[in-house]
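The values are calculated or read from the model by the stated rules, or taken from the named source; none is laboratory data. Predicted model, so just to flag it, every value in this text is computed and none were measured. Using ideal geometry, Cβ is built from the backbone for each residue, glycine included, and neighbour counts are taken over all protein chains shown.
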Amino acid sequence: MERFIVIHYHELGLKKGNRDYFENRLCKNIRVMMAGCGIGEVRRISGRILVELRPDCNLVEIQRRLEKVSGIAYFAEAWECPLSLEALEEKAWDLIGSKAFDSFRVSTRRSDKNFPYTSVQINERIGGTIKQRSGRRVDLEDPQLTCSIEVVDNRALIYVDRRPGIGGLPSSTSGKVVVLLSGGLDSPVAAWKAIKRGCTAVFVHFHSFPYTNKESQEKAKQLAQLLSEYQLRSKLYLVPFAEVQRHIMVETPADTRVILYRRYMLRLAERIALRERARVLVTGDSIGQVASQTIENIDVISRAVQMPILRPVIGDDKIEIVNIARRIGSYDISIQPDQDCCSLFVPKHPETKAHLETVEKSESRLQVEEAMAEAMRTAEVLLQYPVWHDTEARTIPQL
């Protein structure tokens, strides 16, 4: 019997006139992400995607990568079975006969109405066989094991172990964004949330080398590489910010220093976004997390640019952000100690309720245009790839 991965999605099925576009993009993303894993054809069938598994496939790696493909609700290793109740009985028992469970159910979805038996009839027949052979009880509400059967396109697919995907929309279906990526916990989670919604993220990291060490840059590289597992590759700008900071420190009051840092970071990020043809910026701001993220300060900082700013974790508390960071793998990187550029020349008592007029008056004294131009000119631009790609991967097309 042929073996497949059967993939289900949720939001894509609601796209109506654009559904073909989203499904085709998801198929393309899966093909690219599964390179080297031993898969065959990837195709759409009646509200599902089938990935053909070759005999020599690396199933563990396939499953690991599929868990990071946005747009997938869940997936499972499935076997094709002849369209007969007898064949379904035998294959179902083959799959679950050696498993330990106290309760079970059979769940059938019959998209192909040419098969003469209804979903309820299939459930009753297969469920009765399993109950008789195993002696285990049927539990339709909270079973320990579910045997799933899908009758679709003149075939039956049967599987037991279902794995969750991350949901969302397929990568590269929602446009390009520029993410301000620090080495902390919040911005990688914000980036991941944007990627999950189909955005292609370009990362910008500001550093103060040589006034600080290079640890924050190394963390940014690691985070960009990690996040590239969700979009195949990531472009990372490492932007020197120390000279701009020096002007701000010398020429403006100490209490608004951090606000000015962030306003000029946004301005530089906006220039990069225009270069990259991105239409929005993304930050890891969360209300009240730090002094610069009060409502008043967020308002003043945002007015430095005309481009829209998305803040995917704006309402999340630290526990929620940490939980996502652990889930996506960024937590262990983010907690490594480093010297963040915003920690340089920071006053003891930063402003928490800034006034736009006061900040703009301070900026009017600054002569930083040359420093900003130099930061753009000397920014290092890297392409980061998932760890499972070798050096040859740099020829693989972007999603």
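List of remarks:
- Selection count, the range 65-119, where residues are more than 30 Å from Ile328 (Cβ to Cβ) and in a strand (DSSP E or B): 10
- Scanning the range 217-252 for residues that are in contact (Cβ under 8 Å) with a residue 60 or more places away in the chain, among the polar types (S, T, N, Q) and farther than 14 Å from Ile195 by Cβ gives Gln222, Gln245, Thr252.
- Residue list for the range 143-191, restricted to those being polar (S, T, N, Q) and in a helix (DSSP H, G or I): Ser187
- Against the test of being in contact (Cβ under 8 Å) with a residue 40 or more places away in the chain and either farther than 15 Å from Trp388 by Cβ or not basic (Lys, Arg) (or both), the options Lys28, Lys68 yield a single qualifying residue, Lys28.
- The range 31-64 - residue that is part of a helix (DSSP H, G or I) and touching a residue at least 60 places away in the same chain (Cβ under 8 Å) and, of those, nearest to Gly165 (Cα to Cα): Gln63
- Residue check, Phe75 without any contact (Cβ under 8 Å) to a residue 60 or more places away in the chain, aromatic (Phe, Trp, Tyr) and in contact with a strand residue (DSSP E or B) (Cβ under 6 Å, 6 or more places away or on another chain): no
- When each of Ala156, Ala194 is tested for being at pLDDT 95 or above, under 27 Å from Tyr74 (Cα atoms) and either outside the structural domain of Lys28 (by TED's automatic domain parsing) or among the aliphatic types (A, V, I, L, M) (or both), the lone residue that passes is Ala194.
- Test set (1) surrounded by fewer than 16 Cβ atoms within 10 Å (Cβ to Cβ); (2) in contact with a strand residue (DSSP E or B) (Cβ under 7 Å, 6 or more places away or on another chain); (3) within 23 Å of Ile7 (Cα to Cα); (4) of a type outside the set (Val, Ile, Thr) - Asn154 fails condition number: (2)
- Total residues in the range 218-270 satisfying the condition of being farther than 23 Å from Ile298 by Cα, surrounded by fewer than 22 Cβ atoms within 10 Å (Cβ to Cβ) and among the polar types (S, T, N, Q): the figure is 2.
- Single residue of the range 6-44 satisfying the filter (closer than 21 Å to Arg155 by Cβ and small (Gly, Ala, Ser)) that is modelled with the highest pLDDT: Gly40
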